[in-house]
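**Q** One structure is given below, represented as structure tokens, and several questions about it will come after.
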Amino acid sequence: TMKEVNPRVYEGIAKASMKCKENFTSQGVSNLLWAFANAGHVDSDLFSSLAPVTSSLLEECNSQALANIAWAYAVSNVDDDSLFGKNSPFVAVCTEKANDFTSGGVSQLHQWNIWRKELTGAPSDLPPSVQQRGLKAFMSKGFQKSALQENVVSELSYLGFPLQQEVVTPNGYRLDIIVELDGKRVGIEVDGPSHFAGRDPMGSTILKRRQVVNADGIQLVSFPYWEWNNLVDSNDKGNYINGKLGV
């Protein structure tokens, strides 16, 4: 994986890729964009530079390549008319291959669809059946509570915070914890090591944080594992929680 690669390596790959962008295949460009986005290394220049080339290759893409491209650009938050504008074949190609998308692929399209709504105020022109399937697949992803999350819940309960666990937002995101503060709901994400490359958030975490706030309208607070693990006792944890929540 590219999870913990030195940033200079990314910079070198990005520069080389932009120089030889006309030589990319559909699979090559989709793999590169996904790898950068997945690792949370969003290079706006790279994504902007590759957008026209990627657009020219869309009709050669299989369903997974299309899903990877859509998700990568949603993570990067780099929009480009040549790739997703009204004259782009992106939606038409996705529609043509709608039955080929796996559950994971259509979930990626769902997150792309949320992104389009973030940008334009309206969902994309994907067929309603694809949008509905994407939401259903996204909401059905499995989950497992961690010991870290249980410890945070225990401390929140001790402090008297009204809370809910594993709350699903209207757009299908599952939040570890929701607390009530002054009549408003605040989401808490207890982020373990899988959410980060070093101390930087991975692409899925970047996207979730942004879309929960912008699309679902829920304030979101992260409790990174290294911060929580450094707390010595319940008093430290209480002070940390109150500081994070602004109490």
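**Q** What are the pairs, 6+ residues apart or on separate chains, where a residue within the stretch 154-171 that is free of Cβ contacts under 8 Å to residues at least 40 places away in the same chain has its Cβ under 9 Å from a residue that is hydroxyl-bearing (Ser, Thr, Tyr) and open to solvent by 30 Å² or more (accessible area, probe 1.4 Å)?
**A** Leu163/Ser157
**Q** Mind checking which residues of the stretch 129-144 are open to solvent by 90 Å² or more (accessible area, probe 1.4 Å) and modelled with pLDDT of 95 or more?
**A** Listed by number, the residues that qualify are Gln132, Arg133, Lys136.
**Q** Suppose we filter Asn87, Asn31 for residues that are of a type outside the set (Lys, Arg), surrounded by fewer than 18 Cβ atoms within 10 Å (Cβ to Cβ) and not in a helix (DSSP H, G or I); which single one remains?
**A** Being of a type outside the set (Lys, Arg), surrounded by fewer than 18 Cβ atoms within 10 Å (Cβ to Cβ) and not in a helix (DSSP H, G or I) holds for just one of Asn87, Asn31, which is Asn87.
**Q** (1) more than 23 Å from Pro123 (Cα to Cα); (2) crowded, with 17+ Cβ neighbours inside 10 Å; (3) more than 19 Å from the chain's Cα centre (by Cα): which one isn't true of Leu58, the others all being true?
**A** Unmet for Leu58, out of (1) more than 23 Å from Pro123 (Cα to Cα); (2) crowded, with 17+ Cβ neighbours inside 10 Å; (3) more than 19 Å from the chain's Cα centre (by Cα): (1).
**Q** A follow-up question, please. Would you mention how many residues in the stretch 123-180 are of a type in the set (Val, Ile, Thr) and in contact with a helix residue (DSSP H, G or I) (Cβ under 8 Å, 6 or more places away or on another chain)?
**A** Within the stretch 123-180, residues that are of a type in the set (Val, Ile, Thr) and in contact with a helix residue (DSSP H, G or I) (Cβ under 8 Å, 6 or more places away or on another chain) number 6.
**Q** Could you list, in sequence order, the residues of the stretch 198-211 that are under 21 Å from Val78 (Cα atoms) and not in a helix (DSSP H, G or I)?
**A** Asp200, Pro201, Met202
**Q** For the stretch 76-128, which residues satisfy the criterion of being of a type in the set (Ser, Thr, Tyr), closer than 16 Å to Thr54 by Cβ and modelled with pLDDT under 95? Full working, then the answer.
**A** Of the stretch 76-128, the ones of a type in the set (Ser, Thr, Tyr) are 76, 82, 88, 95, 102-103, 107, 120, 124.
Among the residues that remain, those that are also closer than 16 Å to Thr54 by Cβ are: 76, 82, 88.
The answer is Ser82, Ser88.
**Q** Collect the residues in the stretch 120-144 that are part of a helix (DSSP H, G or I) and either farther than 18 Å from Val212 by Cα or touching a residue at least 12 places away in the same chain (Cβ under 8 Å) (or both), keeping them in residue-number order.
**A** Pro128, Ser129, Val130, Gln131, Gln132, Arg133, Gly134, Leu135, Ala137, Phe138, Met139
**Q** With the checklist (1) in a helix (DSSP H, G or I); (2) under 16 Å from the mean Cα position of the chain (by Cα); (3) modelled with pLDDT under 95 in hand, flag the one item His41 doesn't pass.
**A** The failed condition is (1).
**Q** Next question. Consider the stretch 215-244. How many of its residues are among the polar types (S, T, N, Q), closer than 15 Å to Leu181 by Cβ and in a strand (DSSP E or B)?
**A** 1
**Q** For the stretch 145-171, enumerate the residues that are loosely packed, with under 15 Cβ neighbours inside 10 Å, among the hydrophobic types (A, V, I, L, M, F, W, C) and in a strand (DSSP E or B).
**A** Val168
**Q** Being among the acidic types (Asp, Glu), open to solvent by 60 Å² or more (accessible area, probe 1.4 Å) and in contact with a His (Cβ under 9 Å, 6 or more places away or on another chain) is true for just one of Asp182, Asp200. Which residue is that?
**A** When all the criteria are applied, what remains is Asp200.
**Q** Under 8 Å between Cβ atoms, which residue pairs at least 6 apart in sequence (or on different chains) link something in the stretch 197-209 that is under 16 Å from Asn171 (Cβ atoms) and of a type in the set (A, V, I, L, M) with a partner that is part of a loop (DSSP other than H, G, I, E, B) and open to solvent by 30 Å² or more (accessible area, probe 1.4 Å)?
**A** Listed by first residue and then by second, the contacts come to Ile206/Val42.
The values are calculated or read from the model by the stated rules, or taken from the named source; none is laboratory data. Values in this document were obtained by computation on a predicted structure and should not be read as measured data. Every residue, glycine among them, receives a Cβ derived from its backbone with ideal geometry; neighbour counts consider all protein chains shown. We work out accessible area using only protein heavy atoms, side chains counted, and drop any ligands, DNA or RNA first. Shrake-Rupley method; radii C 1.70, N 1.55, O 1.52, S 1.80 Å.
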